[in-house]
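S.K.: I have a structure here, written as structure tokens, and I will follow up with some questions on it.
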Amino acid sequence: MTTQPLPTQPLTTQPLAGQPSADQPPATHPPADQPGRLHALRARHAYLDGLLTPRGLTGLALVGAIVLAGLLAPLLTSADPLAQGPDALAAPGGAHLLGTDDLGRDLLSRVLYGIRTDLVIAAAAVPVGAAAGCALAVAATTSRAADVVVQRAFDLILAFPGLILALAVTAILGAGTAPVVIVIALAEIPGFGRMLRSGILVQREREYALAARVGGASRLRVLVRHVLPNSADPLVVQLAVSLSIAVFIEGGMSFLGVGVRPPAPSLGGILSQAMPYLEQDPAFAAVPLVAITGLVLGLTFLAESLNRGNRR
């Protein structure tokens with residue numbers, strides 16, 4: 001009697017529960033900083049949605065038109081903003097589209113170049129104030145003692161109203177463009193500093209920052225790579241607000257005669273020069289006032305639209 005051999009089958013091992021099989025790739029896990037990147041991406045989309053609202057588009061149109069007018073001043077007018085002429089307070093029309101000032105200078109040319117002066121001052125002062133405020137905010141988050149010192153420095157700056165601060169700086173340095181830049185930069189430090197400080201304190205307790213620290217990242221790497229990019233999003237709103245404040249400060253200082261020195265054109269200086277002639281030539285004061293109002297109003301619309309988008 002013969003026995004048939006049993007068929008042989010290759011031995012297979014079944015994977016244990018929770019373990020991947022040999023023919024299946026291991027499960028991948030998202031990087032620890034992915035939630036932080038998603039948060040930053042959503043914030044940027046929210047800002048874009050805010051800009052696409054009617055108020056945001058209106059602000060963009062106002063600011064864009066005035067900025068372009070200042071940048072393209074040499075192409076929009078051939079008149080010298082400093083050249084005096086015999087036709088003082090001439091009516092709009094003819095060779096002078098918006099008339100002339102009390103010294104016979106072309107008003108359109110002076111307003112366009114005054115816009116350029118205001119834009120240059122704002123572009124120079126606001127980033128300086130923002131950088132100083134952000135540096136102090138980062139220093140404040142390193143220790144409790146540093147936080148107390150930085151907060152008291154912010155309170156000291158805020159204790160001086162803008163006009164008093166401007167007069168104090170000009171009393172030391174004199175009138176001119178440089179004191180205007182210094183005053184604006186000082187006035188912007190607390191706004192940027194306090195906003196970034198609060199953002200850092202919130203973001204460094206988020207899950208992605210904690211996961212990065214557990215993964216072995218140093219405090220500096222977590223701050224630079226994860227916390228700061230997500231804390232800096234609200235600074236976009238603060239930037240729009242600060243630019244409008246800078247226009248106000250420059251206009252106020254030039255209006256009081258402690259800003260940009262004549263005969264250099266500035267919107268505040270032109271408005272101050274026009275005040276004695278309000279009844280005789282209302283357009284003399286109306287033109288720079290419309291430029292200041294349009295620029296500040298456009299920046300305000302942009303700030304409100306960005307802020308609403310950030311809250312969504």
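Every number in this text was worked out from the coordinates using simple rules, so none of it is lab data. From a predicted model like this one, the values you see are computed outputs, not experimental measurements. Neighbour counts run over all protein chains shown; Cβ positions are idealised from the backbone, glycine included.
S.K.: Restricting things to alpha carbons, find the Rg to Rh ratio for region 67-124 using the Kirkwood radius for Rh. It would help to have the intermediate numbers written out before the result.
M.R.: On the way: Rg = 11.7 Å, Rh = 11.5 Å.
Ratio of gyration radius to Kirkwood radius: 1.02.
S.K.: Now for a separate question. Apply 1/(1 + (r/R0)^6) to the Cβ-Cβ distance of VAL148 and VAL224, taking R0 = 35 Å, and write down the FRET efficiency to the nearest 0.05. Please report the intermediate quantities before stating the final value.
M.R.: On the way: r = 24 Å, r/R0 = 0.69.
Step by step, r from the Cβ atoms, then E = 0.90.
S.K.: VAL290 to MET275: extension gain in nm, 0.36 nm per residue of separation minus the Cα-Cα distance? Don't jump to the answer; show the numbers that get you there.
M.R.: Values: separation 15, 0.36 × 15 = 5.40 nm, distance 1.46 nm.
In short, 3.9 nm is gained.
S.K.: In addition: Filter the trypsin sites (Lys or Arg not before Pro) in region 189-273 to those in DSSP coil with at most 16 other Cβ atoms within 10 Å of their Cβ, and list the result. Mind dumping the intermediate values first?
M.R.: On the way: sites: ARG194, ARG197, ARG204, ARG206, ARG213, ARG219, ARG221, ARG225; in loops: ARG204, ARG206.
Answer in residue order: ARG206.
S.K.: How much length is gained if the chain between ASP80 and ALA132 is pulled fully straight, taking 0.36 nm per residue apart and subtracting their Cα-Cα distance, in nm to one decimal? Intermediate results must be reported in sequence, preceding the final value.
M.R.: Details: separation 52, 0.36 × 52 = 18.72 nm, distance 3.74 nm.
Full-extension gain reported as 15.0 nm.
S.K.: Determine ³J(HN,Hα), in whole Hz, for all residues of region 95-110 in sequence, where each value follows from phi through the Karplus function 6.51 cos²θ - 1.76 cosθ + 1.60 and θ = phi - 60°; x replaces Gly and Pro.
M.R.: After applying 6.51 cos²θ - 1.76 cosθ + 1.60, I find 6, 10, 4, 10, x, 10, 8, 6, 10, x, 8, 5, 6, 4, 5, 5 Hz.
S.K.: A further question on this structure: Determine the shape class of region 234-304: with a ≥ b ≥ c the square roots of the Cα gyration tensor eigenvalues, call it rounded for a/c under 1.5, and otherwise prolate if a/b is greater than b/c, oblate otherwise. Show your work: numbers first, answer last.
M.R.: On the way: a/c = 3.67, a/b = 1.81, b/c = 2.02.
It is oblate, given that a/c is not under 1.5 and a/b is not larger than b/c.
S.K.: With r as the distance between the Cβ atoms of LEU156 and ASP102 and R0 = 35 Å, compute the FRET efficiency 1/(1 + (r/R0)^6) and round to 0.05. Walk me through the numbers before you get to the answer.
M.R.: Numbers: r = 41 Å, r/R0 = 1.18.
Calculated transfer efficiency: 0.25.
S.K.: From the residues ALA291, PRO229, ILE189, which one has its Cα farthest along the dipole of region 140-299 in the positive direction, the dipole being from +1 and -1 charges on Cβ of Lys/Arg and Asp/Glu about the Cα centre?
M.R.: Checked the options; the winner is PRO229.
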